[in-house]
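Values in this text are rule-based calculations from the coordinates and carry no lab data. This is a predicted model, so every value here is computed, not measured. Neighbour counts are summed over all protein chains in view; Cβ atoms, including those assigned to glycine, are modelled from backbone coordinates with ideal geometry.
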Amino acid sequence: MTRAVRLLAVACFALQAANQDPWLRITSANFELFTTAGERSGRDLIKHFEQVRSFFIQAFGARLALGKPARIIAFRSEKEYRPYRPNEFATAFYQPGAEHDFIVMQSGSGDHYDVAVHEFTHLLIHQSSQPVPVWLNEGMAELYSNLAPAGSKIVVGKLIAGRVQTLLHEKWIDLRVLVSVDHTSPLYSERSQAGMFYAESWALVHMLNLDTAYRPQFRAMLEALKDGDAAAAFERAYGKPIERVQDDLRAYLTGNTINAAVFDIQLPKAVDSPRIEPGAGLSARLALAELLANYRGRLEQARAAYEQLARDYPKRWEVEEGWAQFSWRQRKNDDALRHFARAAELGCRHAGMFIDYARILEYSQRDQNANQDAVAALQTAIRLDPTLEEAHFELGLAYVRVARYAEAMGELQQVKKVNPAQASRYFYNLAYASYRMGDAAKARAFLEKGRPYATNPEEAAQLDRLQHALDR
């Protein structure tokens with residue numbers, strides 16, 4: 001075989017392999033989409049989510065931007081989707097996770113956008129960290145499910161024909177009952193009764209958000225709901241009993257007009273030119289394995305997915321890292337250590353993995369060799385990303401454990417923003433390093449800074465022990 005023929009054969013084999021991998025990875029400013037539904041469908045879908053997200057950020061505040069990265073998985077067919085769906089009815093669903101939050105769709109076509117945006121609304125409500133009652137959660141998800149982009153604007157409040165028909169022809173739920181429904185209630189959990197619950201929740205939230213008499217007090221209503229009594233919250237926010245609110249709701253739906261609102265939105269730059277990565281089967285399958293690992297009833301399926309990935313990609317550090325994270329969450333620390341070590345051996349380029357590796361080394365094997373290995377892992381993390389303050393924080397603590405106090409001070413002082421939950425440990429370790437270096441005055445100063453952050457007896461006792469040593 002001539003060299004030209006060999007090169008042609010290799011090129012054909014590579015092309016055939018690429019053709020056999022149907023997965024695309026499409027990345028925009030705020031989303032990572034894995035899809036088998038094709039590039040055009042993927043571009044349209046990720047742009048739609050960027051439009052919806054921009055509306056939420058501008059309407060409800062930038063705090064929503066601080067949540068975990070969002071991944072969308074859109075299949076080409078019901079057959080592909082079936083192994084991952086939570087039940088036989090859902091055509092899209094939202095699944096929170098340890099590292100990412102997921103929106104999973106049976107198809108990337110526009111026919112499924114409403115259901116997907118409904119689930120995305122749940123994701124954003126979850127990321128906002130404000131607990132809301134079931135009626136409000138589902139009502140908001142329904143209200144925003146059919147957001148309609150129109151150029152640089154977005155329309156909120158379009159009617160949902162099916163919900164309107166339900167409200168016109170079925171018996172209403174008493175509003176005092178509706179606002180007390182939880183996730184165990186048959187009104188929410190049984191399909192035969194849930195239709196009216198969703199319809200009436202949508203109508204109520206539609207009125208609270210868009211009716212001129214109710215909209216100005218909506219934020220006051222959200223504040224009042226924090227006390228947990230929804231019926232009392234209505235009276236506090238609107239100055240009327242919940243029965244009057246129900247009368248207003250019926251009048252709102254039977255009146256001559258139903259309000260909608262138009263919002264200007266600012267989209268991220270380059271929203272029309274996301275990054276397209278063909279042949280993304282490895283990344284997509286890792287995302288699906290991570291998705292399964294977040295299901296309580298799918299852990300064996302997740303484990304099987306990682307095992308198959310390891311067989312198909314035996315030299316890829318990404319597989320070993322994913323498997324390590326899965327093992328760690330299952331508290332199989334020895335397995336996690338083995339997979340973290342293998343990922344490092346295969347040349348892992350993810351700085352965050354080395355931070356996790358160091359933490360489990362410190363947690364699982366409290367001896368000097370483990371501490372030295374943790375130091376080495378954290379040094380690698382900083383080489384990969386010198387700006388990562390979390391790595392400097394953890395390396396400072398690791399240096400204290402191996403009695404390298406001057407280096408500990410150097411690393412800890414590179415941390416400019418300290419999480420309040422970590423502040424007690426941060427100041428304690430600065431104090432301890434100063435104490436061991438003979439600077440008692442500086443140690444006392446750090447102890448005083450750390451005391452307001454000691455939120456549990458163990459942290460307070462640790463500070464007290466060091467204080468006693470300084471006093472002696």
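Here each label is just a point 7 Å from Cα along the line to Cβ, and for Thr387 and Thr184 those points are 4.8 nm apart. Taking a straight Cα-Cα cut-off under 27 Å and skipping sequence neighbours fewer than 8 places away in the same chain, the lysines within cross-link reach of Lys171 are Lys158, Lys240. Using only the alpha-carbon atoms, how far is helix 351-364 inclined from the longest principal axis of the chain? Give it as 0 to 90 degrees, nearest 10. For 351-364 against the chain, the angle is about 70 degrees.
In plain terms, if you count all Cα to Cα distances in the stretch 424-472 and split them into 10 Å steps from zero, the share in each step is 32, 60, 8 percent. For the charge dipole of the stretch 424-472, defined by +1 on Lys and Arg C-beta atoms and -1 on Asp and Glu C-beta atoms about the Cα centroid, which residue among Ala433, Gln467, Ala454 has the Cα displaced farthest towards the positive pole? Positive-end residue among those listed: Ala433. Partners of Lys449 within straight-line reach, counting lysines whose Cα lies under 18 Å from its Cα and excluding those fewer than 8 residues away in the same chain: Lys416, Lys417.
If you line up the long axis of helix 440-450 against the longest principal axis of the chain, both from Cα atoms, how many degrees apart are they, to the nearest 10? So the helix axis and the longest Cα principal axis differ by about 20 degrees.
Cross-link reach is defined here as a Cα-Cα straight distance under 19 Å, omitting same-chain residues fewer than 8 places apart; for Lys315 none of the lysines meet it.
Find the centroid of the Cα atoms in the stretch 188-202 and in the stretch 364-406, then give the distance between the two in whole Å. The stretch 188-202 and the stretch 364-406 have Cα centres spaced 53 Å from each other. Subtracting the Cα-Cα distance of Leu299 and Gln467 from 0.36 nm times their residue separation leaves 55.8 nm of extension gain. 7 Å from Cα along Cα→Cβ at both Ala232 and Asn256: what's the point-to-point distance in nm? Each label point lies 7 Å from its Cα, and together they span 4.1 nm. Measuring from a point 7 Å past the Cα of Ala150 along Cα-to-C-beta, which residues in the stretch 20-56 have an amide N at less than 19 Å? The answer is 48-49, 51-56, whose backbone nitrogens lie closer than 19 Å to the label point. Taking the C-alpha atoms only, the angle from helix 299-312 to the longest principal axis of the chain is near 60 degrees.
Of the listed peptides 349-359, 213-223, what is their order by residue-averaged count of other C-beta atoms within 10 Å, with the highest listed first?
Going from most to least packed, we get 349-359, 213-223.
Kindly identify the stretch 159-259 as rounded, prolate or oblate by the Cα gyration tensor criterion: order the square roots of the eigenvalues as a ≥ b ≥ c, call it rounded if a/c is under 1.5, otherwise compare a/b with b/c, prolate if a/b is larger, else oblate. Judged from the Cα gyration tensor, the stretch 159-259 comes out oblate (a/c at least 1.5, b/c at or above a/b). Quick one: length gained pulling Asp334 to Ile276 fully straight, 0.36 nm per residue minus the C-alpha distance? That works out to 17.1 nm of additional length. Using just its DSSP H runs of length 4 or more, each adding -39500 (n - 2.57), the chain gives a mean residue ellipticity at 222 nm of -19000 deg cm²/dmol after division by all residues. Multiplying the residue separation of Asp111 and Ala341 by 0.36 nm and removing their Cα-Cα distance gives an extension gain of 78.3 nm. With both residues required to sit in the chain, DSSP beta bridges show an antiparallel share near 65%. Note on Rg and Dmax of the Cα atoms in Å: of the candidates (1) 27.1, 88; (2) 22.2, 78; (3) 25.0, 94, the value calculated from this structure sits at (1).
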